[in-house]
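Starting off with a structure, shown below.
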Amino acid sequence: MAEHPAYPVGLRLSGRRVVVLGGGQVAQRRLPALIAAGADVVLVSPEATPSVEAMADAGEITWHRRPYAEGDLAEAWYALIATSDPEANELASAEAERHRVWCVRSDDADRATAWTPATGHSEGVTVAVLTTRARGRDPRHTAAIRDAVVEGLRDGTLVAPHHRTRTPGVALVGGGPGDPDLITVRGRRLLAEADVVIADRLGPRDLLAELPPHVEVIDAAKIPYGRYMAQEAINNALIEHAQQGKSVVRLKGGDPYVFGRGMEELQALAEAGIPCTVVPGISSSISVPGAAGIPVTHRGVAHEFTVVSGHVAPDDERSLVDWPALARLTGTLVILMGVDKIGKIAETLVAHGRSPETPVALVQEGTTAAQRRVDATLATVAETVRAEDVRPPAVIVVGAVVNVGPDAARA
C-alpha cells in the first residue's frame, strides 16, 4: 500500500510534558530546541553527554538517571526515542502508540509516528523541511533545501548554489557569546558545510539542532568544575578527523583567541600539517556587558577597559595578572571565569586602592534567554554571589560604567 506523505504541523509545547529517552548525541542536538519551545522536558537515561548533564544541572530539564520503564510516557504530549537499546526503543514506541503520543525514533524513522524536520531560523521565521516518501529520505537533500530557503530569506533572493564549496582541514570558529544569531555569517556557513563539529558547551548550542543527521557532533564541553575533554584529546580529535579528509569545525564560545586556547589548537594542527582557518567571534567580554546595558567605555567615565581571566585567585602562584596595577587603573575591568574567585579578587582590588563602593555587575548566561544581571559593589560582591546563587558562565564588570544607562546624564 502506497505510503502517504507526512502532514506538516508546528507543535506548541510550552508547558507541556515532553519525554526524551537517551542522553546521547541525538538528545544533545534536539534538547535545545525543545527547551527554547518552553516544553517541560523529562530525560530518562542512565547516562548523558556533558552538555546534556549541564542542561539538567541548570534546571532546564528534569533527568531521571535510569533506563526506560513502562509508564514513562504517561501524560506526555511528545516523545523522542533515542536510546542505544533496540528492545527499549520498541517497548517505548509501543507505549507511545497506546497513549497516542506523537513519537520520533532516531533508530527507525519508518516505525515512528512523527519525523523531525531539518529546521532553520531567520528574522523570526522558522523553516522546516520534510522529504516525502516518494523522493526517498535523503537528509543531505533535505538540509540543503532548508539551507537554501534560510539563506534566501537572509539575502532576499531565495536562491542558493547547488553545491557548497567544502572547506578542507579545520576551521576554528568563534561562535560568539551564546545567542545563535551572533555568530558571524562566515562561521555559520562553515558550520553548514562541516562533516564533523567539535563543540564547546559555551558555543551557540542551538545551531547544533540545524545540522543534518550525517554530521558527527563531538562534545568537547568543559563544564566548570565538572568533567571535561582534555585539550590534548581535542587536538587529537581535530587532527584525526581532518586526516580522514573530512571538513572539521571547532565551534568555540566567544572568540577562539580570547581565553579560548585557539592558538594551542592551531599550533597542534600546524605541527601535523593540517590547514586551518580561523574565524573570529564576538567576545563575551564586550558583547555580554553590552547586552546587559553596560558600555565598557563611556565618554567622561572610562577611557580604557581591561579584560582579565579570574580562573585563578590573585594570591595563586600561577596567576599572571598584575592585580595591584589593575587596582590603580581608573577604567573598566572585565573579568571572565571569575565567579568563584570574585571574593578574593575584590579584596585584592580594595587592598591596592580601589574604593569598596566601586560598582560591580555580574551578567550570567549573557545574550541567551536565561540572561540575568546582578549588581553589587566590591565590598558586597562576594556575599551577593552567594545570596543570589550566581553561577558560571558569568561576565563580571567592575567600574563606574556599571551605573551608566540610557537615563544617565551625558558627560
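A short reminder: the numbers here are calculations on the coordinates, not readings from a lab. Since the model is a prediction, treat every value here as computed from it, not as a measurement. Reconstructed Cβ throughout: ideal geometry from the backbone, glycine too, with neighbour counts over all protein chains shown.
Write down the percent of antiparallel bridges among all DSSP beta bridges whose residues are both part of segment 285-403, to the nearest 5.
Just about 75 percent of them are antiparallel.
So, one more: Please state the charge dipole magnitude for segment 195-324, taken about the Cα centre, from unit charges on C-beta atoms (+1 on K and R, -1 on D and E), reported in debye and rounded to the nearest 20.
The dipole of segment 195-324 has a size of about 300 debye.
Checking the cross-link filter: which aspartates and glutamates have an alpha carbon closer than 20 Å to that of LYS344, excluding same-chain neighbours under 8 positions apart?
Counting by Cα, and skipping residues close in sequence, LYS344 has these aspartates and glutamates nearby: ASP315, ASP316, GLU317, ASP322, GLU357, ASP375, GLU383, GLU388, ASP389.
Still on this model: Report the local net charge at PRO256: Lys and Arg +1, Asp and Glu -1, summed over other residues whose C-beta lies under 11 Å from its C-beta.
Charge balance in the 11 Å sphere: -1.
Looking at the chain only, what percent of DSSP beta bridges run antiparallel? Nearest 5 please.
Around 35 percent antiparallel, to the nearest 5.
If you don't mind, another one. About the Cα centre, and with charges only on the beta carbon of Lys, Arg (+1) and Asp, Glu (-1), how big is the dipole of the chain? Nearest 20 debye, please.
Here the size comes out at about 840 debye.
So, one more: How high is the relative contact order of the chain, given as a whole-number percent (alpha carbon pairs under 8 Å, six or more residues apart)?
Relative contact order, the chain: 11 percent.
Specify which labelled value, from (1) 28.8, 86; (2) 23.4, 81; (3) 24.6, 101, agrees with Rg and Dmax of the Cα atoms in Å derived from the coordinates of the model shown.
Read-out from the structure maps to (2).
What order, most packed first, do the peptides 44-51, 320-327 have when packing is the mean number of other Cβ atoms within 10 Å of each residue?
Averaged packing, sorted descending, gives the order 44-51, 320-327.
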